[in-house]
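The values are calculated or read from the model by the stated rules, or taken from the named source; none is laboratory data. Computed from a prediction, not measured in an experiment: that's the story for all the values here. Cβ placement follows ideal geometry from the backbone for every residue including glycine, while neighbour counts extend to all protein chains displayed.
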Amino acid sequence: MREITLSKAVNEAIAEEMRRDPNVFLIGEDVAEAGTPFKVLAGLVDEFGTERVIDTPISEPGFVGMAVGAALTGSRPIVDLMFGDFIFLVMDQLCNQAAKACYMSGGKLNVPMVLRTNLGATRRSAAQHSQSLHALVAHIPGLKVAMPSSAYEAKGLMKTAIRDNNPVVIFEDKLMYQDKAPVPEEEFLITFGKANIKREGTDITLIATSSMVQVAEKAADLLAKDGISAEVIDPRTIVPLDEETILNSVRKTSRAIVIDEGHQSYGITGEIASRITEKAFYHLDAPVLRMGAMDVPVPFSPALEDLTVPTPEGVADRARAAVRGELFHAA
Amino acid sequence: MPDGYRDGNLPYAIRAYDADTLRAALRKMYLIRKFEEGAENSYTRGLIHGTMHLSIGQEASAVASCMALSDDDKITSTHRGHGHCVAKGADLGRMFAEFFGKETGYCRGRGGSMHIADPTKGNLGANGIVGGGLPIAVGAALSAKRLGTGAVTVCFFGDGANNEGAFHEALNMAAVWKLPVVFVCENNKYGMSTSTERSTAVKNIAERAAAYAMPGVTVDGNDFSAVAEAVDAAVARARAGDGPSLVENVTYRWRGHSKSDRNRYRTKEEIADWMARDPIPAFARLLVDHGVLTDADVADIEAETEQVIADAIAFAADSADPDPADVARDVYNPAAA
């Protein structure tokens, strides 16, 4: 199978859906001529023109609100938010307007809109361009949240998101744009709420999102050298969450670590760990562990920044401790 | 025709609309007034919970601003939006049912007073967030332009919203892209207890249109004909593809901001002064003076609206509560595209 970059996969997904449905359009800062700072959308304006690839002023709440209004009236906008950190600017339109329109109207209003943005630290961009803020929107009923872990997921989830009749937020890891993965030439979609068992194992379950899936896979390689068999699960979407696949895995392995690049406190790792504890408690042989980003604003210096996110070595260390029963002694 | 008028001097409303249309407009103003009085009364009797924001005194602004709109044209509304719903053709029984939290309400009881939406009439919804509807209106206008529907969006907002960033971003983008939207500011002089003098650097909010290269006009929001003339011109401009406008209707809410308001920030004299400028009898007088209606017609219209309201309240009271089994329904639309 051919291999393409995550960037190219997103570009293909959007182009295919724009060809398929004339109501789909793109709107955001520097999406047309610039194709975004990461060049993900490069070339789309040449095919679809500035009527469908719309550069906006620097008015994030304004253009996200416009996308809501367009979605309410027959369009299917894809809004590009240049950095995930800017989500704080658009919270009213995303969480008070888009997320609630369907429910508050008794199902009469729909907001078929995609907000694509990014996450991920270690790009030396400091604390306002490095955050992973998906937990904030996952907290709000009415929004769906997709977290592609490779080019394959990036394409399939984006196409599904564009066809969904609800507001969907997609977080792409900005450090993965040039990472290649096998992606079929023929059309495919990825169903929301269906986790991918990336690697099967018997001793411990590593549930990981976005780029942390790679971290978990590398950790699993390290663990294999020690004779520990790790299962790696990629939920693909955290709203809706495929709880069943996660629980079935933990019932089999009896141990779990949840790995995610959002801040560890009050985040995705805590949510998934809690569901495992509530629903698979009597299958557990070790406490369910959380590994998120350190609870500090992301520092600039490489000497500090790399300390703040989970690493394969760090995950493997914790997994060994869990499997060997050492966590009980640490308390 | 009263003395002193020559043909060209007739008020705009008389020149622009036929008798049936004017009669329907007056009827809607009475419906809004009596709907809100009925809502207030129902609240006092414990039939409605929460709070509500009444627009009593502002009826001319709501009705006159929707005169040139069809059901295909859109509006976005505000927390003080009951009048806009009625002006856009909402059914009073379903509105009351929504207030009463009933399944037959416009939003099946999920939205309440601040969130009534009726897409079949082009009403994209009232909004609990000040300024929240401004970018949404611009997006609806973008949709209309892209899809070639010919629809115009009227965006209602209050004086308070004109100090939100969303206002400035929305006006700028609407102007940059020449979108078919009309920004209608209902300046009732206070954002809760804070007067526009204390909150707003410009004397007239319409002056802010200049910053976004669009026409801006301030009119007496209690003068039906003046509002209709200004907004109709703005709607025509939008429909012709010439872009957005800002119309400021200066008006007054007789009641407090919401049920919690103790009205200590304004004088009894000020309130009495504005109540003497009641827009409904003023419009009725205009219609009688120009031979559109007789005094007896006006009395009949008022009496008929009272019956409509009584029936609407009865419908709401007799309707069923939502089924508790449906509490999580419609968080997401389950249909595939």
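Scanning segment A:215-249 for residues that are in a loop (DSSP other than H, G, I, E, B) and either surrounded by fewer than 20 Cβ atoms within 10 Å (Cβ to Cβ) or among the aliphatic types (A, V, I, L, M) (or both) gives A:ASP226, A:GLY227, A:ILE228, A:SER229, A:PRO240, A:LEU241. Going through segment B:208-242 one residue at a time, which ones are assigned to a loop (DSSP other than H, G, I, E, B), farther than 19 Å from B:PRO279 by Cα and touching a Pro at 6+ places or on another chain (Cβ under 8 Å)? Within segment B:208-242, B:MET214, B:GLY241 meet the criteria. Cβ-Cβ distance below 9 Å, separation of 6 or more or different chains: which pairs start in segment A:138-150 with a residue that is within 14 Å of chain B (Cβ to nearest Cβ) and farther than 17 Å from A:ILE272 by Cβ and end on one that is among the polar types (S, T, N, Q) and buried (at least 22 other Cβ atoms within 10 Å of the Cβ)? Hits for this filter: A:GLY142/A:ASN166; A:LEU143/A:ASN166. Here is a check on your reading of the model: is B:SER61 in a loop (DSSP other than H, G, I, E, B), at negative phi and away from chain A (no Cβ under 14 Å)? No: the conditions fail for B:SER61.
Once segment B:281-330 is narrowed to residues that are within 14 Å of chain A (Cβ to nearest Cβ) and surrounded by 17 or more Cβ atoms within 10 Å (Cβ to Cβ), the residue that is farthest from B:LEU92 (Cα to Cα) is B:ASP330.
For segment B:34-86, what are the residues that are touching a His at 6+ places or on another chain (Cβ under 7 Å) and of a type outside the set (Lys, Arg)? Once the filter is applied, which keeps residues that are touching a His at 6+ places or on another chain (Cβ under 7 Å) and of a type outside the set (Lys, Arg), segment B:34-86 yields B:PHE35, B:GLU36, B:HIS53, B:SER55, B:ALA62, B:ILE75, B:SER77, B:HIS79. Scanning segment A:214-258 for residues that are under 18 Å from A:ARG275 (Cα atoms) and either small (Gly, Ala, Ser) or modelled with pLDDT under 95 (or both) returns A:SER249, A:SER254, A:ALA256.
Of A:LEU157, A:LEU189, A:LEU223, A:LEU175, all but one fail to be under 30 Å from A:ALA98 (Cα atoms), out of contact with any His (no Cβ under 9 Å at 6 or more places or on another chain) and not assigned by TED's automatic domain parsing to the domain that holds A:LEU119; the exception is A:LEU189. The lone criterion from (1) crowded, with 23+ Cβ neighbours inside 10 Å; (2) of a type outside the set (Lys, Arg); (3) closer than 30 Å to B:ASP323 by Cβ left unmet by B:ASN41 is number (1). Spot the failing condition for A:GLU47; the list is (1) touching a residue at least 60 places away in the same chain (Cβ under 8 Å); (2) over 12 Å from A:ILE27 (Cα atoms), and only one is missed. Here A:GLU47 clears every test but (1). Candidates are the residues of segment B:145-165 that are in a helix (DSSP H, G or I) and out of contact with any strand residue (DSSP E or B) (no Cβ under 9 Å at 6 or more places or on another chain); the one that is farthest from the other protein chains (Cβ to nearest Cβ) is B:LYS145.
Here A:GLY69 fulfils each of the conditions (1) free of Cβ contacts under 8 Å to residues at least 12 places away in the same chain; (2) buried (at least 20 other Cβ atoms within 10 Å of the Cβ); (3) over 19 Å from B:GLU169 (Cβ atoms) apart from (3). Would you check if A:LEU44 is farther than 24 Å from A:ASN11 by Cβ, more than 7 Å from chain B (Cβ to nearest Cβ), surrounded by fewer than 21 Cβ atoms within 10 Å (Cβ to Cβ) and at pLDDT 95 or above? No. Would you check if B:GLY125 is touching a Leu at 6+ places or on another chain (Cβ under 9 Å), assigned to a loop (DSSP other than H, G, I, E, B) and either modelled with pLDDT of 95 or more or surrounded by fewer than 22 Cβ atoms within 10 Å (Cβ to Cβ) (or both)? So B:GLY125 passes the test.
Residue-by-condition table, conditions (1) over 17 Å from A:VAL145 (Cα atoms); (2) among the small types (Gly, Ala, Ser); (3) assigned by TED's automatic domain parsing to the domain that holds A:SER301; (4) more than 18 Å from the chain's Cα centre (by Cα):
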site	(1), (2), (3), (4)
A:PRO61	yes, no, no, yes
A:ALA71	yes, yes, no, yes
A:PRO77	no, no, no, yes
A:GLY84	no, yes, no, no
A:GLN93	no, no, no, yes
A:ASN96	no, no, no, yes
A:THR117	no, no, no, no
A:SER132	no, yes, no, no
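Filtered by the rule that a residue be outside any loop (DSSP other than H, G, I, E, B) and modelled with pLDDT under 95, segment A:307-327 gives a lone residue, A:LEU327. If you go through segment A:167-209 and keep only what is surrounded by 15 or more Cβ atoms within 10 Å (Cβ to Cβ), of a type outside the set (Val, Ile, Thr) and under 23 Å from A:MET82 (Cβ atoms), you end up with A:PRO167, A:PHE171, A:GLU172, A:ASP173, A:LYS174, A:LEU175, A:MET176, A:TYR177, A:ASP179.
Can you pull out every residue in segment B:261-291 that is out of contact with any Lys or Arg (no Cβ under 8 Å at 6 or more places or on another chain), in a helix (DSSP H, G or I) and within 18 Å of B:ARG23 (Cα to Cα)? Passing the criteria: B:PRO279, B:PRO281, B:ALA282, B:PHE283, B:ALA284, B:ARG285, B:LEU286, B:VAL288, B:ASP289. Residue under question is A:GLY65, and the condition is that it be at the interface with chain B (Cβ under 7 Å from one of its Cβ atoms) and either touching a strand residue (DSSP E or B) at 6+ places or on another chain (Cβ under 8 Å) or in a loop (DSSP other than H, G, I, E, B) (or both); does it hold? No: the conditions fail for A:GLY65.
Only residues that are crowded, with 23+ Cβ neighbours inside 10 Å and at the interface with chain A (Cβ under 10 Å from one of its Cβ atoms) were counted across segment B:90-117, and they come to 10. Here B:SER258 clears all of (1) part of a loop (DSSP other than H, G, I, E, B); (2) more than 18 Å from B:VAL86 (Cβ to Cβ); (3) touching a Lys or Arg at 6+ places or on another chain (Cβ under 8 Å); (4) not acidic (Asp, Glu) except the condition numbered (3). Of everything listed in (1) under 23 Å from the mean Cα position of the chain (by Cα); (2) of a type in the set (Phe, Trp, Tyr); (3) facing chain B (nearest Cβ under 7 Å), the single unmet condition for A:TYR103 is (1). Residues that are farther than 30 Å from A:SER59 by Cβ, at the interface with chain A (Cβ under 7 Å from one of its Cβ atoms) and assigned to a loop (DSSP other than H, G, I, E, B) do not occur anywhere in segment B:129-144.
Can you tell me which residue in segment B:174-207 is farthest from the other protein chains (Cβ to nearest Cβ), limited to those that are more than 23 Å from B:CYS66 (Cα to Cα) and assigned to a helix (DSSP H, G or I)?
Initial filter on segment B:174-207 (more than 23 Å from B:CYS66 (Cα to Cα)): B:176-177, B:190-203.
Checking which are assigned to a helix (DSSP H, G or I) leaves us with B:176, B:196-199.
Numbers: B:VAL176: 7, B:THR196: 23, B:GLU197: 27, B:ARG198: 24, B:SER199: 20 Å.
Selected residue: B:GLU197.
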